[in-house]
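Enquirer: The structure that follows is given in the form of C-alpha cells.
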C-alpha cells in the first residue's frame with residue numbers, strides 16, 4: 001500500500017477544519033511481560049481547539065464503520081510522535097460541533113500555514 005507524503009505540522013499551527021493524521025506512541029505488554037512500543041495513527045477532522053499554552057487541546061473526529069469517534073489530544077503530549085496535515089476545509093466557526101449531525105460536505109481549500117520540515 002503506497003502512502004502519500006504529507007507535511008508535518010507544529011502544534012501551534014493547528015486550526016479547526018484541518019484534517020490531520022496524528023502518530024501516537026503506544027506501549028503494550030505481551031503475556032510474557034515484555035514491553036513493546038508501536039505507533040498508532042489516528043486521522044480525522046479537527047473540530048475544536050481550546051486552551052492556551054501547555055494545556056492546549058484539540059478534538060479530532062473521524063468516522064469508523066459509520067460511527068463517529070472523537071478523541072481529545074493534548075497538543076504537547078509527549079507520546080505524540082508527529083502530526084501531518086492531510087487537508088483543510090473552509091470554515092467560518094471556531095468550534096465545528098455541527099458536523100456531528102450535519103451530513104453536508106465541507107469545501108476543501110489549500111492550507112495557508114507554514115509546515116515544519118521533519
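Enquirer: Among the residues of region 77-84, is any out of contact with any helix residue (DSSP H, G or I) (no Cβ under 8 Å at 6 or more places or on another chain) and free of Cβ contacts under 8 Å to residues at least 40 places away in the same chain?
Expert: For region 77-84, residues out of contact with any helix residue (DSSP H, G or I) (no Cβ under 8 Å at 6 or more places or on another chain) and free of Cβ contacts under 8 Å to residues at least 40 places away in the same chain: present.
Enquirer: Next up: Residues to consider are 38, 27, 92; find the one that is loosely packed, with under 12 Cβ neighbours inside 10 Å, closer than 22 Å to residue 6 by Cβ and free of Cβ contacts under 8 Å to residues at least 24 places away in the same chain.
Expert: Just a single option satisfies the conditions, and that option is 38.
Enquirer: In region 95-111, how many residues are touching a residue at least 24 places away in the same chain (Cβ under 8 Å) and either surrounded by 12 or more Cβ atoms within 10 Å (Cβ to Cβ) or under 21 Å from residue 11 (Cβ atoms) (or both)?
Expert: Residues flagged as touching a residue at least 24 places away in the same chain (Cβ under 8 Å) and either surrounded by 12 or more Cβ atoms within 10 Å (Cβ to Cβ) or under 21 Å from residue 11 (Cβ atoms) (or both) within region 95-111 amount to 6.
Enquirer: Taking the residues in region 41-76 that are touching a helix residue (DSSP H, G or I) at 6+ places or on another chain (Cβ under 8 Å) and without any contact (Cβ under 8 Å) to a residue 40 or more places away in the chain as candidates, determine which candidate is surrounded by the fewest Cβ atoms within 10 Å (Cβ to Cβ).
Expert: 68
Results for (1) within 30 Å of residue 101 (Cα to Cα); (2) modelled with pLDDT of 90 or more; (3) in a strand (DSSP E or B); (4) over 16 Å from the mean Cα position of the chain (by Cα), shown as yes or no for each residue.
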residue	(1), (2), (3), (4)
19	yes, yes, yes, no
25	no, yes, yes, no
40	yes, yes, yes, no
43	yes, yes, yes, no
58	yes, yes, yes, no
78	no, yes, no, no
85	yes, yes, yes, no
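Enquirer: Considering only residues that are outside any strand (DSSP E or B) and within 12 Å of residue 83 (Cβ to Cβ), which ones fall in region 1-17?
Expert: Passing the criteria: 6, 7, 9, 10, 11, 12, 13, 14.
Enquirer: Consider residue 49 carefully, then state whether it is touching a strand residue (DSSP E or B) at 6+ places or on another chain (Cβ under 9 Å), in a strand (DSSP E or B), at pLDDT 90 or above and within 12 Å of residue 11 (Cβ to Cβ).
Expert: yes
The values are calculated or read from the model by the stated rules, or taken from the named source; none is laboratory data. Bear in mind the structure is a predicted one, so any value in this text is a computation, not a measurement. Cβ: placed from backbone, ideal geometry, glycine included. Neighbour counts: every protein chain shown.
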